[in-house]
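Okay, so here's the structure we're looking at.
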Amino acid sequence: MPSVTPENVVAQLRWRYATKKFDPARTIPEDTWAALEQALVLTPSSYGLQPWKFFVVTDPAMKAQLPAHSWGQRQPQDCSHMVVLAIKANVGEADIDRYVARVSEVRGQPVEALTRFKQTMMGSLIDPPFDVNEWAARQVYIALGQFMACAAVLGVDTCPMEGIDPAKYDEVLGIGAQRYRTVVACPAGYRAADDKYAQTPKVRFKTEDVIQVI
């Protein structure tokens, strides 16, 4: 039975906003971060393939380098944990084999029994003209949404950021050297007391304008 109520979930989603100014003196507690880390790990993905890695920047000196590659925005420097969501570039057969081996390990199935599963993934993801990197980027946004929603429920502020230079992030953080590519970033922490946007009314279309039951 879920420990949170429907009313609480909605209240926290109304509470959250794209935080423009973080309090640099506040750090996410270890147990709260551990839960948010698992929110990333447990994110669903197509086939369960998880074509990503999440780079978490907490070192102050490293975070201080990021505003220069983020259109001057200070959230990457002032937040508690700077999460950079990256795809595994050019997912191929070796990556699929690694996942199949993990399925075998966790579920106790012989690799040979997963041959058809592997063939299905190979057939839909590897053959051109399918753009596997575009597919992977869309998967990353599932992780971003799950992370932000879980953060809101836990009372942690976030700000999705596409206003970054992905290539520079790859270079500064050593992401590109690991065969990953930055897609989007999400600083997490706690809003500054004087962030005026915290009290700005949230603007959304009416429910009936965006939800249609068929």
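A short reminder: the numbers here are calculations on the coordinates, not readings from a lab. Keep in mind that this is a model prediction, so the values were computed, not measured. Positions of Cβ are generated from backbone atoms using ideal geometry, with glycine treated the same way; all protein chains shown enter the neighbour counts.
Restricting to Cα pairs below 8 Å that are 6+ residues apart, what does the relative contact order work out to for the chain? Please round to a whole percent. Spell out each step's value before the answer.
Details: 301 pairs, mean separation 72.0, N = 214.
Relative contact order, the chain: 34 percent.
Let me see the pair-distance distribution of the range 91-159: every alpha carbon pair, 10 Å bin width, integer percents in order.
Reading the bins upward from 0: 18, 33, 28, 19, 3.
Jot down the per residue volume, in cubic angstrom and as a whole number, of the convex hull over the alpha-carbon atoms of the range 131-176.
Values: hull volume 4.2 nm³, N = 46.
That works out to 90 Å³ per residue.
Of the candidates PRO187, PRO110, PRO76, which one comes out as most mobile in a Gaussian network treatment of the chain with C-alpha springs shorter than 10 Å?
In the Gaussian network model the winner is PRO110.
Output the pairs from LYS168/LYS196; LYS21/LYS63; LYS21/LYS53; LYS88/LYS118; LYS20/LYS53; LYS63/LYS202 with a Cα-Cα distance over 23 Å in this structure; if there are none, say none. Working shown, then result.
Working: LYS168/LYS196 30 Å; LYS21/LYS63 15 Å; LYS21/LYS53 26 Å; LYS88/LYS118 18 Å; LYS20/LYS53 25 Å; LYS63/LYS202 29 Å.
Flagged as over cut-off: LYS168/LYS196; LYS21/LYS53; LYS20/LYS53; LYS63/LYS202.
For all pairs of alpha-carbon atoms in the range 1-67, what percent lies in each bin of width 5 Å, listed from the first bin to the last filled one?
In whole percents, the pair-distance histogram is 3, 10, 13, 20, 22, 17, 10, 4, 1.
Give me the Debye-computed log₁₀ of I(q)/I(0) at q = 0.07, 0.12, 0.16 Å⁻¹ for the chain, equal point scatterers on Cα only, no solvent, two decimals.
Here the Debye-derived log intensity ratios amount to -0.26, -0.74, -1.14.
If I build a Gaussian network model for the chain, linking alpha-carbon pairs within less than 10 angstrom, which residue out of ALA101, ALA185, ALA151 has the largest mean-square fluctuation?
Fluctuation is largest for ALA101.
Which trypsin sites (Lys or Arg not before Pro) does the range 181-214 hold that lie in a coil by DSSP with at most 13 other beta carbons within 10 Å?
On the way: sites: ARG181, ARG191, LYS196, LYS202, ARG204, LYS206; in loops: LYS202, ARG204, LYS206.
Within the range 181-214, the qualifying trypsin sites (Lys or Arg not before Pro) (loop, at most 13 other Cβ atoms within 10 Å) are LYS202, ARG204, LYS206.
Using the count of nearby Cβ atoms within 10 Å as a rough guide to exposure, how do VAL111, VAL132 rank from fewest to most? Could the numbers behind the result be given before it?
Values: VAL111 13, VAL132 20.
Ranking VAL111, VAL132 by Cβ neighbours within 10 Å, fewest first, gives VAL111, VAL132.
What FRET efficiency do you get for ALA101 and LEU42 if R0 is 30 Å and r is their Cβ-Cβ distance, rounded to the nearest 0.05?
Numbers: r = 20 Å, r/R0 = 0.66.
The computed FRET efficiency comes out at 0.90.
In degrees from 0 to 90, rounded to the nearest 10, what is the angle of the helix 132-153 Cα long axis to the longest principal axis of the chain?
40 degrees
Given q = 0.10, 0.15, 0.25 Å⁻¹, what are the Debye log10 I(q)/I(0) values for the range 16-116, with equal point scatterers placed on the Cα positions and solvent ignored?
The Cα Debye sum returns log10 ratios of -0.43, -0.78, -1.37.
Once phi is turned into ³J(HN,Hα) by the Karplus curve 6.51 cos²θ - 1.76 cosθ + 1.60 with θ = phi - 60°, what whole-Hz value does each residue of the range 194-210 show in order, with x for glycine and proline?
Taking θ as phi minus 60°, the curve returns 9, 6, 5, 6, 5, 9, 6, x, 6, 9, 9, 5, 4, 3, 5, 7, 10 Hz for the range 194-210.
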